[in-house]
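The values are calculated or read from the model by the stated rules, or taken from the named source; none is laboratory data. Predicted, not measured: the structure shown is a model, and the values here were computed from it. Using ideal geometry, Cβ is built from the backbone for each residue, glycine included, and neighbour counts are taken over all protein chains shown. Please note that ligands, DNA and RNA were not included when accessible areas were found on the heavy atoms of the full protein model with its side chains. Shrake-Rupley method; radii C 1.70, N 1.55, O 1.52, S 1.80 Å.
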Amino acid sequence: MEKHHINALKEIVGEENVLTSAEDLYCYSYDATPGHAHMPDAVVSPANTAETSKVLKLANENRIPVYTRGSGTNLSAGCVPTKGGIVLLMTRLNKILEIDLENLVAVAEPGVIVADLNKEIASLGLIYPPDPGTVATATLGGTVAENAGGLRGLKYGVSKHYVMGLEVVLANGDIMNTGGKNVKDVSGYDMTKLFTGSEGTLCVITKIISKLVPAPEAKKAMMAIFKDLDNAGKAVSAIIAAKIIPATLEIMDNATIRTVEDYAKVGLPLDAEAVLLIEVDGNPIVVEKEAEKVMEALKANHADFVQIAKDDAERDKLWAARRAALPALAKLRPTTYVEDATVPRNKVPDFLREVSSIAKKHNVTIGTFGHAGDGNMHPTIVCDIRIPEEMERVYQAMDEMFKAAIALGGTLSGEHGIGLGKLPWMEQQHGQITMNTMRSIKRALDPNLILNPGKLVGEC
Ligand SMILES: Cc1cc2nc3c(=O)[nH]c(=O)nc-3n(C[C@H](O)[C@H](O)[C@H](O)COP(=O)(O)OP(=O)(O)OC[C@H]3O[C@@H](n4cnc5c(N)ncnc54)[C@H](O)[C@@H]3O)c2cc1C
């Protein structure tokens with residue numbers, strides 16, 4: 001980028017909102033994804049939609065790449081400015097603009113932190129359900145652009161199930177509105193859904209209209225330990241077949257159980273092949289009945305140990321094991337890759353077995369935990385990125401893991417997105433025709449390829 005571009009950007013957003021020192025640029029050269037970093041030329045923080053539009057117009061006319069960023073917690077290198085240019089930081093657009101109780105809708109700017117929206121609506125008895133592990137730091141814009149999910153995905157879905165409308169700025173600076181507060185709206189192509197999950201490659205989101213839902217009145221948590229992985233898989237299927245959709249239905253594999261026990265000493269048997277953590281929520285009477293049915297399904301499928309939380313303190317204790325999974329694994333080695341390959345829920349035991357044998361074959365440490373109810377697994381590879389020979393084995397293992405998920409009818413990502421990390425396997429999952437169609441959409445909306453170039457659909 002040239003000096004006059006920087007000056008023009010300073011005129012748009014104010015001098016103090018354009019960072020160019022090496023120290024500042026370094027801080028925005030990476031995100032939460034290991035192994036990807038590149039220095040931008042400038043970090044630009046607009047205050048509103050009009051400034052965002054002017055920045056994009058300037059970037060488009062001068063073919064300057066733009067990498068939109070919320071809190072930078074994504075795990076697919078979505079914010080890494082791989083071709084230099086502008087990191088467009090959206091955190092100054094951080095106002096909750098409206099809570100509409102008659103329509104149960106929130107209107108908010110993209111820089112609002114997800115947990116702050118939930119704090120704001122808690123006293124009204126409402127929740128915004130998408131709850132990634134990073135709710136306390138991730139922005140609404142980042143979660144919508146990434147189509148983020150979380151622990152409650154099985155019952156409550158992911159971000160796309162809540163986004164009703166958007167205000168976006170297109171690559172050329174045009175401001176566009178999609179959807180709105182209508183519960184039913186089938187007028188034209190569903191642009192809201194297209195932009196949700198577009199990972200900063202099609203537009204910059206500047207306003208989000210989202211659905212809110214009543215907070216559940218009661219919750220009941222249960223844990224089951226299995227010495228046999230297949231029995232755990234059958235128990236998951238039996239719960240769903242009993243027409244119970246728990247808010248959460250989590251699984252941890254043996255490698256994770258051993259690591260968690262070593263780290264947090266929560267009393268898990270080291271020879272257990274799987275731990276299931278289940279939580280049902282809703283109306284108190286229904287919750288009691290559903291919890292009973294879940295316990296029946298666990299016992300009928302030969303759980304070696306079951307426990308139901310009697311109160312909040314016991315519930316917290318049960319969840320301690322699951323909460324410890326990622327920190328316990330991350331503590332083992334300097335580098336942590338949290339993947340999110342996803343398979344149909346009845347294939348979870350097969351996938352866990354595949355991952356375990358791939359880990360042994362390549363002598364890499366992989367602990368898998370995740371959302372068994374929706375098949376969204378988090379095989380977590382811990383390694384040391386500074387050791388090239390080890391990384392060769394890690395990449396081999398990743399390759400085989402993603403191919404195994406695809407072969408089981410699964411997908412590369414249940415919630416973390418594609419970015420750069422999973423690009424090598426996109427064609428394998430989707431085929432050439434679908435990839436060409438996705439690239440045509442990219443070229444139509446961003447003909448100069450300035451928005452997050454090279455990500456999600458690769459080079460166009
Ligand atoms: C420890 C840990 C746990 C996690 N747990 C989960 C989990 O349970 N579930 C889950 O789904 N994810 C999880 N994540 C991933 C991550 O937190 C989510 O992807 C989150 O949605 C990213 O929000 P962010 O504000 O940090 O976005 P960023 O990382 O800043 O951006 C994410 C993507 O969105 C684009 N973007 C950001 N803002 C905008 C905008 N306004 N307009 C257009 N594009 C934009 C960026 O270009 C980038 O491609 C986890 C990450 C970590 C590190």
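Of the chymotrypsin sites (Phe, Trp or Tyr not before Pro) in region 186-251, the ones in a loop by DSSP (not H, G, I, E or B) with at most 12 other beta carbons within 10 Å are 189.
Restriction of the trypsin sites (Lys or Arg not before Pro) in region 360-460 to DSSP coil positions whose beta-carbon has at most 11 other beta-carbons within 10 angstrom yields 386. For the chain, the Cα gyration tensor yields ellipsoid semi-axes of 38, 27, 19 Å (square root of five times each eigenvalue, largest first, whole Å). Spin-label pair residue 434-residue 123: with each label point 7 Å from Cα along the Cα-Cβ axis, the two points sit 4.6 nm from one another. With 0.36 nm allotted per residue and the present C-alpha distance subtracted, the residue 228-residue 283 stretch has 16.5 nm of extension available.
What you get for the chain, charging only the Cβ of Lys and Arg (+1) and of Asp and Glu (-1), is a dipole of about 520 debye around the Cα centre.
Modelled spin-label separation between residue 22 and residue 305, with each label point placed 7 Å from Cα along the Cα-to-Cβ direction: 5.5 nm. Below 11 angstrom from the Cβ of residue 380, what's the summed charge of the other residues (Lys, Arg +1; Asp, Glu -1)? Here the count lands on -2.
Ordering 138, 36, 156 by the projection of their Cα atoms onto the charge dipole of the chain, which places +1 on the Cβ of Lys and Arg and -1 on the Cβ of Asp and Glu, puts 156 at the extreme positive end.
Net length available on complete extension from residue 395 to residue 296 is 31.5 nm, with 0.36 nm assigned per residue and the Cα-Cα distance removed.
For region 3-89, the solvent-accessible area works out to 41 Å² per residue, with a probe of 1.4 Å and every protein chain left in place. Its DSSP H runs of at least 4 residues, each contributing -39,500 (n - 2.57), put the calculated 222 nm mean residue ellipticity of the chain at -11500 deg cm²/dmol, to the nearest 500. Taken as entire DSSP H runs, the helices of the chain that both span 20 Å or more between Cα atoms along their own long axis and average 0.0 or more on the Kyte-Doolittle scale are 284-300. Simple spin-label estimate for residue 386 and residue 98 gives 5.4 nm between the two label positions (7 Å along the Cα-to-Cβ direction from each Cα). When the Kirkwood radius is taken over all Cα pairs of region 3-89, what Stokes-Einstein diffusion coefficient follows at 25 °C and 0.890 mPa s, in µm²/s? Diffusion coefficient, whole number: 191 µm²/s. Neighbours of residue 163, meaning other residues whose beta-carbon lies under 10 angstrom from its beta-carbon, give a summed charge of +3 when Lys and Arg score +1 and Asp and Glu score -1. Taking 263, 128 and ordering them by how much accessible surface each has at a 1.4 Å probe, largest first, produces 263, 128.
Going 7 Å from the Cα of residue 189 along its beta-carbon direction, which residues of region 409-450 have the amide nitrogen within less than 17 Å of the resulting point? Residues passing the 17 Å test: 434-449. Rolling a 1.4 angstrom probe over the chain with all protein chains present gives an accessible area of which 52% lies on carbon and sulfur atoms. Other residues with beta-carbon under 13 Å from the beta-carbon of residue 428 carry, at +1 per Lys or Arg and -1 per Asp or Glu, a net charge of -1.
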